[in-house]
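K.L.:
Here it is, the structure in full.
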Amino acid sequence: MTVLDQPAREAGQPTGPAGTTSWTAVCRLDDLAPERGVAALVAGEQVALFRLVDGTVLAVQQHDPFCDAYVLARGIVGSRLVDGAPVPTVASPMYKQVFDLRTGACLDLAGKAPARGMAPDLRTWHVRVTGGIVEIEVPSTDGAGGRTGERA
């Protein structure tokens, strides 16, 4: 897990209209190796962050719903064609299910069902990079949350 020793601002400080959006600084962009994942704890939830070769940073839940373990940051980054377009993916290091890193959708069940009746898809977060600091949008009290990444 990456620890940020140079906070961009206080975690949870709203950047938009009061109560609509807040961002949490997670790490420096330079802390993220391309095509590798890292785990971070954001607002009490484990998040897996991935920096792609093109500089895009994406965040999905660290919890793998198929093996019921917090392992997705250790997954294998790749890509697949979905409706004729390439999408960035991560394959679980445990049972090799493949997830779309942009949407969290499970693209390949690999012959398994999620553990304990969990949904097969992953939660995602908005990510932005400001001044070289990677920030994740934390849902506000009105339930606003993210689904896409942002290029560095």
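K.L.:
When you count, for each residue, the other Cβ atoms within 10 Å and take the mean per peptide, how do 96-104, 126-134 rank with the highest first? Please report the intermediate quantities before stating the final value.
P.N.:
On the way: 96-104: 20.9, 126-134: 18.4.
The peptides rank, most packed first, as 96-104, 126-134.
K.L.:
Moving to a separate point now. Mean projection of the alpha-carbon convex hull of the range 55-141 over all orientations, in nm²?
P.N.:
7.0
K.L.:
When only Cα pairs under 8 Å and 6 or more residues apart are kept, what is the percent relative contact order across the range 16-116?
P.N.:
RCO, the range 16-116: 17 percent.
FYI, it's all coordinate maths here, none of it is from the lab. These numbers come from a predicted model, not from an experiment. As a convention, Cβ positions derive from the backbone with ideal geometry for all residues, glycine included, and neighbour counts pool all protein chains shown.
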